[in-house]
Amino acid sequence: MREKTKCTRWFRYTIEDAKAAQAELDQRAEQGWELEEVGLFTATFRRAEHPRPCWVEPARWKSVRRKDEDARADYLALCDEAGWELISEDGGLFYFRAREGTDPAPIQTDAGVEWEDVWKKALADQAWNLLYIAVSWAICAIGRYLRDQPRLWELFLSNLAMAAQLLLLLWLGIDLFLGLRVVFYRKRCRRAAEGEPFPVPRRWAARFRGAYPLVCGALIAATALCVLLAVGEGETNHIDHAAYTQEQHSVLGDYFEYRRFSQAEGDLWVERADCRAGWLADWICGDFRASEGNADRVHREVHPHDGAVIPREAELGFDEAWIYSIGEYSGLILRDGDQVARIEAEETDLTSAETLGAIRAWLAESPDWQPEA
């Protein structure tokens with residue numbers, strides 16, 4: 001069988017894994033393989049009787065400022081004079097190879113100087129780059145919540161929305177983990193200034209970190225797919241021009257909404273959540289009460305009434321109940337077991353025995369039937 005003279009292997013390393021890349025190149029050189037070129041996610045090797053040595057280190061001076069461009073050019077010229085040719089710059093790393101017919105000394109010979117000149121800033125920048133997404137995402141999420149106060153519990157009433165959340169949290173968790181890992185690795189590398197060798201990351205872990213762009217892309221694509229599929233959930237079902245219903249279903253609960261706008265019968269808005277988790281029922285019930293006391297949310301959620309109102313607790317035969325009234329509108333928020341409901345009706349007494357009996361019957365049946373009001 002003819003012996004292979006070239007081979008292509010997975011080869012992508014991040015800045016903090018430069019020593020792992022160096023270790024792999026040294027090992028392949030011992031096996032008779034010389035690095036020929038580095039691609040986006042692979043490297044090509046060729047058979048050689050005496051493979052030329054390679055050197056890997058974080059790429060510096062990556063900005064377009066004139067000062068950095070001049071420093072970069074001077075450094076690469078110095079390496080070239082010493083017998084090292086730059087064959088690739090990939091993933092924030094310089095890949096040097098000894099020029100044909102030369103046997104140059106290692107580019108960095110003093111671990112303390114290498115730490116100060118190369119690794120100290122490179123690892124700090126890498127840690128910040130990885131943590132930047134997590135920090136920015138957290139700030140934006142908190143800021144938006146404080147400004148808009150959306151009904152986040154609705155996300156738990158859609159399986160696709162929950163899947164999208166889990167994928168986003170997984171992405172954020174991986175990014176945060178990688179950023180913190182760089183911080184701890186940097187602490188270990190700092191010991192090189194005291195004469196210890198630089199720690200070499202494990203190869204398979206380093207390869208996973210190198211594959212992070214692919215993992216990130218897959219998570220984003222899967223999240224986008226879940227969001228697109230979720231758009232069709234909870235579509236409005238118009239009963240007529242003045243009434244409609246909406247439904248949402250998930251493994252954690254079912255949500256039903258009914259709205260009627262009628263001058264003859266009066267406006268009616270009903271929301272109901274049949275939860276399968278007590279914490280979700282607590283959350284929804286508390287949010288219903290909080291929204292009534294927030295004039296901005298009352299306006300944004302298009303309540304039948306205008307203005308904020310504070311619900312007051314009432315004993316109506318349910319586990320918990322709160323009533324409120326404003327103008328010609330009255331409201332009822334209740335929780336019975338893990339069922340939560342809110343009813344707002346025009347010119348209707350929601351505390352009458354007849355209405356409460358209809359509500360109890362409604363809670364015991366399918367939400368497709370609306371209590372008369």
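Quick note: the coordinates plus some simple rules give every number you see, no bench work behind them. Every value quoted in this text rests on a predicted model; they were computed, and no experiment measured them. With ideal geometry, Cβ positions are generated from the backbone for all residues, glycine too; neighbour counts draw on all protein chains shown.
Applying the Karplus parametrisation 6.51 cos²θ - 1.76 cosθ + 1.60 with θ = phi - 60° to the phi angles of the stretch 96-103, what ³J(HN,Hα) value in whole Hz is obtained for each residue in order, glycine and proline being reported as x?
Along the stretch 96-103, the couplings run 9, 9, 4, 5, 3, x, 10, 9 Hz.
Check which residues have an amide H placed less than 5 Å from residue 42's amide H, if you skip close sequence neighbours.
The list, which skips near neighbours in sequence, is 11.
Within straight cross-link reach of residue 62, meaning Cα distance under 16 Å, which lysines are found once same-chain residues fewer than 8 apart are removed?
Counting by Cα, and skipping residues close in sequence, residue 62 has these lysines nearby: 120, 121.
As a check on your grasp of the helix formula, calculate [θ] at 222 nm for the chain: sum -39500 (n - 2.57) over DSSP H runs of n ≥ 4, divide by the residue count, round to the nearest 500.
Value at 222 nm, helices only: -13500 deg cm²/dmol.
Would you mind working out the magnitude of the charge dipole of the chain relative to its Cα centre, with +1 at each Lys and Arg C-beta and -1 at each Asp and Glu C-beta, to the nearest 20 Debye?
With only Lys, Arg, Asp and Glu charged at Cβ, the dipole is about 2580 debye.
For the Cα atoms of the chain, what angle does the longest principal axis make with the long axis of helix 353-364, in degrees from 0 to 90, nearest 10?
Roughly 40 degrees between the two axes.
Sequence gap at least 6, Cα distance under 8 Å: using those rules, report the relative contact order of the chain to the nearest whole percent.
For the chain, the relative contact order is 11 percent.
Using the Karplus equation 6.51 cos²θ - 1.76 cosθ + 1.60 (θ = phi - 60°), what ³J(HN,Hα) coupling, rounded to whole Hz, does each residue of the stretch 199-207 give in order, writing x for Gly and Pro?
x, 9, x, 5, 5, 5, 5, 5, 5
Explain nothing, just compute: Karplus ³J(HN,Hα) = 6.51 cos²θ - 1.76 cosθ + 1.60, θ = phi - 60°, for every residue of the stretch 22-38 in order, whole Hz, x for Gly and Pro.
4, 5, 5, 5, 5, 5, 5, 5, 5, 8, x, 10, 10, 5, 9, 7, 10
Quick one: if you stick a label point 7 Å off each Cα along the C-beta vector at residue 180 and residue 142, how many nm between them?
1.7 nm
Place a +1 charge on the Cβ of each Lys and Arg in the stretch 111-230 and a -1 charge on the Cβ of each Asp and Glu, then give the dipole magnitude about the Cα centre in debye, rounded to the nearest 20.
The calculation lands at about 240 debye.
Going by alpha carbons, how many degrees (0 to 90, nearest 10) lie between the helix axis of 66-81 and the longest principal axis of the chain?
Tilt of helix 66-81: around 40 degrees.
Taking H placed 1.01 Å from N in the peptide plane, check which residues at least 5 places from residue 293 or on another chain put their amide H under 5 Å from its amide H.
309
Could you tally the net charge around residue 69, taking each other residue with its Cβ under 12 Å from the Cβ of residue 69, Lys/Arg +1 and Asp/Glu -1?
In short, +3.
Which of the listed residues, 53, 86, 42, is farthest toward the dipole's positive end in the stretch 6-98, when Lys, Arg count +1 and Asp, Glu count -1 at the beta-carbon?
In the stretch 6-98, that residue is 42.
Mind checking the log10 I(q)/I(0) for the stretch 237-364 at q = 0.19 Å⁻¹? Debye, one equal scatterer per Cα, no solvent, two decimals.
-1.17
Place a +1 charge on the Cβ of each Lys and Arg in the stretch 237-364 and a -1 charge on the Cβ of each Asp and Glu, then give the dipole magnitude about the Cα centre in debye, rounded to the nearest 20.
Charge dipole, the stretch 237-364, about its Cα centre: 240 debye, nearest 20.
Taking N as the number of residues in the stretch 111-230, what is its alpha-carbon radius of gyration divided by 2.2 N^0.38 Å?
It is 1.38.
Please name which of 303, 258, 21 has its Cα lying farthest along the dipole of the chain towards the positive end, using unit charges on Cβ (Lys, Arg +1; Asp, Glu -1) and the Cα centre as origin.
So the residue furthest toward the plus end is 21.
Give me the one-decimal Kirkwood hydrodynamic radius in Å for the chain, with the sum taken over alpha-carbon pairs.
For the chain, the Kirkwood estimate is 26.0 Å.
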